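**Q** My questions will all concern the structure given below.
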Amino acid sequence: MTTMPITAQADEPEISWREQKKHRTRRDLVAVSQRLFLAQGYSGTTLDDICDEAGVRPQTLLRYFESKAHLALAPLYDLFDAFRARLQDPDRTEDAVALWRANVEAESVRRADHVADYFGWVNAEPVLRAMADELNTRYEDLLAAEIATDDEAGPDDFHSVMLATMLIRGNAAVLRRWTASGGDARGLAANQVAVVDFVLEVFPGRPTVGGPRLA
């Protein structure tokens, strides 16, 4: 895994040595665990295996991740947190749907070489599948709220919820089918972006501002 150096920006406070060390420890735990899960399988890898490889104690690992499952899905949680930060940035200029499309394309390209292997062992574990599905629900809620905000439609707007659901679940369905088929990594981004464009083409426009709400 390529390590990006931690440097202080001119307009940001300097990152302390302690924070840098915590960042490196978390990064190393994720990298080691991902390598072992791929090589040995999720069930075949213990927290002790990961700690021995990373050179930390189990108590240290559990300060960063509440369970082995949360560690296994750390890359997905990190992607969600990064997208949420961009979406909720008060200075963002793109609308929520455009930002989701750009996010889908960028992450598909960046992860294409290893996404099939990753989801291969994730999908083999019921607990990880359930947690990944719950994360998709969080994506839906987040995107729906920001679409409604952009349209000044208010919370629980039916149009925003349905559009977000189609975008998130459509993306998940394509990824699941692509992974199961052993698809060509070069085609992943095109397939996932095509889902966004299809939804935007067929989904009806908002009939009225402040229209139907979920009960």
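**Q** Quick check on the stretch 19-64: of everything there that is touching a residue at least 24 places away in the same chain (Cβ under 8 Å) and of a type in the set (S, T, N, Q), which residue is surrounded by the most Cβ atoms within 10 Å (Cβ to Cβ)?
**A** Ranking the candidates gives Ser33 first.
**Q** Let me ask something else about it. What is the residue count in the stretch 97-152 for residues that are hydroxyl-bearing (Ser, Thr, Tyr) and modelled with pLDDT of 95 or more? Let's see the steps before the verdict.
**A** We begin by selecting, within the stretch 97-152, every residue hydroxyl-bearing (Ser, Thr, Tyr); these are 108, 118, 137, 139, 149.
Of the ones still in play, those that are also modelled with pLDDT of 95 or more are 137, 139.
Selection size over the stretch 97-152: 2.
**Q** Follow-up question, since we're still on this one. Search the stretch 151-171 for residues being within 15 Å of the chain's Cα centre (by Cα) and in contact (Cβ under 8 Å) with a residue 60 or more places away in the chain, and hand back the single one that is surrounded by the most Cβ atoms within 10 Å (Cβ to Cβ).
**A** Leu167
**Q** Taking the stretch 65-74 on its own, how many of its residues are exposed (fewer than 15 other Cβ atoms within 10 Å of the Cβ) and under 13 Å from Asp28 (Cα atoms)?
**A** Residues that pass the stated criteria total 0.
**Q** Among the listed residues Asp156, Asp133, identify the single one that is assigned by TED's automatic domain parsing to the domain that holds Asp117 and touching a Lys or Arg at 6+ places or on another chain (Cβ under 9 Å). Spell out the reasoning first.
**A** Numbers: Asp133 fails: touching a Lys or Arg at 6+ places or on another chain (Cβ under 9 Å).
Result: Asp156 is the single residue among Asp156, Asp133 that is assigned by TED's automatic domain parsing to the domain that holds Asp117 and touching a Lys or Arg at 6+ places or on another chain (Cβ under 9 Å).
**Q** Keeping to the stretch 140-150, report how many residues are in contact with a Leu (Cβ under 9 Å, 6 or more places away or on another chain) and either outside any helix (DSSP H, G or I) or crowded, with 21+ Cβ neighbours inside 10 Å (or both).
**A** Number satisfying all stated conditions: 4.
**Q** Taking the condition touching a residue at least 40 places away in the same chain (Cβ under 8 Å), within 18 Å of the chain's Cα centre (by Cα) and surrounded by 14 or more Cβ atoms within 10 Å (Cβ to Cβ), does Leu79 pass? Steps first, please.
**A** Details: touching a residue at least 40 places away in the same chain (Cβ under 8 Å): no; within 18 Å of the chain's Cα centre (by Cα): yes; surrounded by 14 or more Cβ atoms within 10 Å (Cβ to Cβ): yes.
Taking the combined requirement at face value, the residue does not satisfy it.
The values are calculated or read from the model by the stated rules, or taken from the named source; none is laboratory data. Computed from a predicted structure; not experimentally measured. Positions of Cβ are backbone-derived with ideal geometry, glycine not excepted, and every protein chain shown enters the neighbour counts.
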